[in-house]
Amino acid sequence: MRGARVDNRTNALAAWGAPLPDWVEVLVRQCDQVSQSEVAKTLRVSAALVNTVLRNKYNGDMAGIENSVRGAFMNAMVNCPVLGTIPTHDCQDWQRKSTRFVNINAQRVQMFRACARCPQNRHRKAAFNDLSHDIEIRGNSDE
């Protein structure tokens, strides 16, 4: 026999207090509509992480999770120099991918370079701020 369904609202209110932050309220609603597991898939995180966020016990990048919720469920967008206007959770996914160079395709290389310079990038390291590592061929030197 399965246990009782998790009461997301009760858990969130007990942890966060009333009123809930708007993004936590949306997270609660989404979890009630589908499941924590389905919400986690949309956010590209684990169901355990969603649960710890609802209980306000997540010790990681809470602002990053907030941005993901806003992008996935609240239509928050960001202007990407390569892809144009994209949801914030897609931006964060590219930020995670750009922490290491992988030459899979031209778009991945473009995104690695763009994300390394982007002020939206929460994963950017100080070494990426030094653009001297980025060599671009712009034609011959006679120009």
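The values are calculated or read from the model by the stated rules, or taken from the named source; none is laboratory data. Just so you know, these numbers come straight off a predicted model, no measurement behind them. Cβ: placed from backbone, ideal geometry, glycine included. Neighbour counts: every protein chain shown. Just the protein is used for accessible areas: all its heavy atoms, side chains included, with ligands, DNA and RNA removed. Shrake-Rupley method; radii C 1.70, N 1.55, O 1.52, S 1.80 Å.
Of Phe73, Phe101, which residue is closer than 30 Å to Arg9 by Cα, of a type in the set (Phe, Trp, Tyr) and either at pLDDT 85 or above or surrounded by fewer than 16 Cβ atoms within 10 Å (Cβ to Cβ) (or both)?
Phe73
How many residues, within the stretch 76-98, are part of a strand (DSSP E or B), more than 30 Å from Gly17 (Cβ to Cβ) and open to solvent by less than 60 Å² (accessible area, probe 1.4 Å)?
3
Among (1) surrounded by 17 or more Cβ atoms within 10 Å (Cβ to Cβ); (2) closer than 17 Å to Asp93 by Cβ, there is one condition Leu27 misses while meeting the rest; what is its number?
For Leu27, the failing item is (2).
Quick check on this structure: which one of Asp32, Asp22 is charged (D, E, K, R) and more than 26 Å from Gln95 (Cα to Cα)?
Asp32
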